[in-house]
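Let me begin by presenting the structure, written as structure tokens, before commenting on it.
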Amino acid sequence: MNVFRLAGDVSHLLAIIILLMKMWSTRSCAGISGKSQVLFALVFTTRYLDLFTIFISPYNTIMKVVFLALSYATVYMIYMRFRKTYDSENDSFRVEFLLVPVIGLSFLEHYAFTPMEILWTFSIFLEAVAIMPQLFMITKTGEAESITTHYLFFLGLYRALYIANWVWRYHTEGFFDQIAVVSGVVQTIFYCDFFYLYFTRVLRGSAKMSLPMPV
């Protein structure tokens, strides 16, 4: 394992922990898209179906369990524990517009026509767009709390570090996963505008990050 992948995993884990701590400390899930979190839980579920059948390393197994547990804990806190604070009115992105094309693409673009491989491919494609309901929610409300933006920043950083990981592996191992790389680049592009706003507004001390309201 190289430093870019390790840093990416840490950034990803930190993003989820920030989100959970925000909800627990404020006893609220306001400003958080439950739909995005359900999609991320679906990503981990379909990707880690091999948890009990394929062993790669203790690190790999532990991270799979941790991400599965934390993703479902996040969904539980939004829809059960703090459901009264959930902003369903603004969390209105039509997720079927993501799921239908992702499912179709998973059947068309894969490495082997087997259930496990198709579900793994589905998880890769879905992860690339799972953040869209959260970004849509922020755009719709016109602002986001700094804690939520910190979560998004570390989530975007995780994807950017994984791109560096793929470049490193290509040059050192000759390894290239076309599906993962293309999906990762697409996902990182979604964060580009957010990164600009994060550095120019949030890091300057704003409690909330205001966005241009949709026309």
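The values are calculated or read from the model by the stated rules, or taken from the named source; none is laboratory data. Values in this document were obtained by computation on a predicted structure and should not be read as measured data. With ideal geometry, Cβ positions are generated from the backbone for all residues, glycine too; neighbour counts draw on all protein chains shown. Areas reflect the complete protein model, heavy atoms only, side chains present, ligands, DNA and RNA absent. Shrake-Rupley method; radii C 1.70, N 1.55, O 1.52, S 1.80 Å.
Can you tell me how many residues within segment 75-121 are within 15 Å of Ile179 (Cβ to Cβ) and basic (Lys, Arg)?
0
Where in segment 108-215 are there helices (runs of 4 or more DSSP H), lying wholly inside it, with at least 1 residues that are at pLDDT 90 or above?
115-129, 132-141, 146-173
So how many residues does segment 52-74 have that are surrounded by 17 or more Cβ atoms within 10 Å (Cβ to Cβ) and β-branched (Val, Ile, Thr)?
So the count comes out to 1.
Looking at the structure I just gave you, is Ile18 surrounded by fewer than 20 Cβ atoms within 10 Å (Cβ to Cβ), of a type in the set (Val, Ile, Thr), closer than 21 Å to Met132 by Cβ and at pLDDT below 95? Walk me through it before giving the result.
Details: surrounded by fewer than 20 Cβ atoms within 10 Å (Cβ to Cβ): yes; of a type in the set (Val, Ile, Thr): yes; closer than 21 Å to Met132 by Cβ: yes; at pLDDT below 95: yes.
Against the criterion (surrounded by fewer than 20 Cβ atoms within 10 Å (Cβ to Cβ), of a type in the set (Val, Ile, Thr), closer than 21 Å to Met132 by Cβ and at pLDDT below 95), Ile18 qualifies.
Check whether at least one residue in segment 32-41 is open to solvent by 10 Å² or more (accessible area, probe 1.4 Å) and at pLDDT below 95, and report yes or no.
No, because not a single residue in segment 32-41 is open to solvent by 10 Å² or more (accessible area, probe 1.4 Å) and at pLDDT below 95.
So which residues in segment 120-157 are open to solvent by 40 Å² or more (accessible area, probe 1.4 Å) and closer than 28 Å to Cys29 by Cβ?
Met132, Phe136, Thr139, Lys140, Thr141, Glu143, Glu145, Ile147, His150, Phe154, Leu157
Determine the pairs where a residue that is in contact (Cβ under 8 Å) with a residue 60 or more places away in the chain, located within segment 34-54, has a partner that is in a loop (DSSP other than H, G, I, E, B) and of a type in the set (A, V, I, L, M) with Cβ atoms under 7 Å apart, the partner being 6 or more residues away or on another chain.
Lys35/Val95; Ser36/Ala130; Ser36/Ile131; Leu39/Val95; Leu39/Ala130; Phe40/Ala130; Val43/Ala130
Taking helices (runs of 4 or more DSSP H) that fall entirely within segment 1-97, which contain at least 2 residues that are in contact with a helix residue (DSSP H, G or I) (Cβ under 9 Å, 6 or more places away or on another chain) and of a type in the set (Lys, Arg)?
3-26, 34-47
Among the residues of segment 1-27, which ones are among the basic types (Lys, Arg) and touching a residue at least 60 places away in the same chain (Cβ under 8 Å)?
Within segment 1-27, Arg5, Lys22 qualify.
Among the residues of segment 91-119, which ones are open to solvent by 80 Å² or more (accessible area, probe 1.4 Å) and without any contact (Cβ under 8 Å) to a residue 12 or more places away in the chain?
Passing the criteria: Arg94, Phe97, Val100, Phe107, Leu108, Phe113, Pro115.
What are the pairs with Cβ atoms under 7 angstrom where one residue, in segment 166-193, is exposed (fewer than 13 other Cβ atoms within 10 Å of the Cβ) and the other, located anywhere, is outside any loop (DSSP other than H, G, I, E, B) and of a type in the set (Lys, Arg)? Sequence gap at least six, or different chains.
What qualifies is Phe175/Arg169.
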